[in-house]
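J.: Let me begin by handing over the structure; questions about it come next.
Here, each number is a calculation from the coordinates, and none is a lab measurement. Bear in mind that the values here come from a model prediction, so they are computed numbers and not experimental data. Heads up, the Cβs are rebuilt from the backbone with ideal geometry, glycines too, and the neighbour counts pull from every protein chain shown.
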Amino acid sequence: MSIVFKDITKRYGADPSAPLAVKGISFEVPKGTLTTILGPSGCGKTTTLRMIAGLESPTSGQIIIDGKDVTTLGPAQRNVSMMFQSYALFPHMDVVENVQYGLKMSHVPKAEAHARAVEALKNVGLVGYDERLPSELSGGQQQRVALARALVLEPAVLLFDEPLSNLDARLRRAMREEIRSIQQRLQLTVAYVTHDQAEALAVSDQIIVMDQGIIAQAGSPQALYEFPQSEFVAGFMGEAALLPGVAQADGQVALGPLRISPRTTVNAGAVKVAVRPEAWLIGAVGAAGLAAKLEKRAYLGSVYEYTFATELGPIFVVSADLANPLNPGSAASLSLSEHGVSVVQAV
């Protein structure tokens, strides 16, 4: 089932002069795909998710799920299941009771509810945990129970609100892979809210970046990372540095002593060049490029992080060359690879 938003606005409270939390957004989550709604705190992403769930009503516009206008329908009438970051497991119920609770409330026969709960637990890799209490589980296991509880209802649409924020880095990676795998295997239609860019890039078919209640850009993960259309998206998708440049009449962009051939057409004049830390190439002092002096170095195991002083200001560089580390105070020359460099019009 697809999800379609048509010119949706949301204002909290009855005062018509109150600011809009969501400002006339339109988008589609195609059937069987995972769309991530990404953005900083307060951008409207959770409000958008809650409107899909029926937990909030839009001020204007239409919400259509599987071709049906559900704008005025409550959560129970939408065949939508939502998984919260708090998991919200019942502490006095064992795992299988937690998972079958929604089926019980829907008056599904006890034997069928139990069988479906056991199958849902199998789907999330929790065979043999039926009689454990939530307090006896790790954070990752509790999250799998919450996921099984959402899946057992066989919803047309599955919603996630910051589902991985309570987990450590290793568990986050494992669970995002698990969620993506289940979504693809069961062909679920999923809307997923996060503020974590790496998480969004890893799980999504489509990413919608929101900023102050509007959609700043929507598209595939690769499109948003490599072809941002604004300073905000360029800066938000990864750790891009936004540097002032000048687009010239011949189509080249001057960035200090460097010359860049943009992959999209830009108007002559002031532009911003978004450069990812991995796009910088470190050369020997005196080579063609941007003269640089190393100020800081950090060893992260798989990479070195360097901060160079340059005429463009501090430049943050990630280098996978572990065999030839630079020492603070070293001089170098910086140039740019083609990947990880985007040019956007200056605001």
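J.: Treating the beta-carbon of each Lys and Arg as +1 and of each Asp and Glu as -1, no other charges, what is the dipole magnitude of the chain about its Cα centre, to the nearest 20 debye?
T.: Roughly 220 debye, rounded to the nearest 20.
J.: So for the pair Lys104, His92, with labels modelled 7 Å out along Cα→Cβ, what separation do we get in nm?
T.: Result: 1.1 nm between the two label points.
J.: Need one number: convex hull volume per residue for region 69-166, Cα atoms only, in Å³.
T.: Convex hull volume per residue, Cα atoms: 103 Å³.
J.: Please report the spacing between the Cα centers of region 1-45 and region 295-347 in Å, no decimals.
T.: So the separation of the two Cα centres works out to 37 Å.
J.: Considering region 106-219, what Rg and Dmax in Å follow from its alpha-carbon atoms?
T.: 15.6, 49
J.: Continuing with the same structure: Let me understand the chain better: what is its radius of gyration from the alpha carbons, and its Dmax, in angstrom?
T.: 24.1, 78
J.: Continuing with this model, one more query. Give a quick list of GluC sites (Glu not before Pro) in region 273-346 that DSSP marks as loop, anything other than H, G, I, E or B, with at most 10 other Cβ atoms within 10 Å.
T.: Sparse-neighbourhood loop GluC sites (Glu not before Pro): Glu311, Glu338.
J.: Give me the number: length gained by fully extending Asp66 to Lys31, i.e. 0.36 nm times residue separation minus the C-alpha to C-alpha distance, one decimal in nm.
T.: Separation in residues times 0.36 nm, less the Cα-Cα distance, equals 11.8 nm.
J.: Express as a percent, rounded to the nearest 5, the fraction of DSSP beta bridges in the chain (both residues included) that run antiparallel.
T.: Antiparallel bridges make up about 75 percent of those DSSP assigns within the chain.
J.: Considering the Cα trace of region 239-345, what is its radius of gyration and what is Dmax, both in angstroms?
T.: 14.0, 44
J.: I'd like to compare 28-39, 120-131, 6-17: which one has the highest average count of other Cβ atoms within 10 Å, and what's the full order after that?
T.: Output ranking for 28-39, 120-131, 6-17: 28-39, 120-131, 6-17.
J.: Could you pull out every one of the aspartates and glutamates with an alpha carbon less than 14 Å from that of Lys272, ignoring same-chain neighbours closer than 8 positions?
T.: Here the aspartates and glutamates satisfying the reach criterion relative to Lys272 are Glu231.
J.: Another question, if that's okay. Rounded, prolate or oblate: which fits region 280-336 when a ≥ b ≥ c are the square roots of the eigenvalues of the alpha-carbon gyration tensor, with rounded for a/c under 1.5 and prolate only if a/b beats b/c?
T.: Verdict is prolate for region 280-336.
J.: Right, something else. For Asp321 paired with Ile214, estimate the spin-label separation in nm (one decimal), with each label point 7 Å from Cα along the Cα-to-Cβ line.
T.: 4.3 nm
J.: Is there a pair in Lys45/Lys104; Lys10/Lys68; Lys6/Lys31; Lys45/Lys122 whose C-alpha atoms are over 24 Å apart, and which pairs would that be?
T.: Beyond 24 Å: Lys45/Lys104; Lys45/Lys122.
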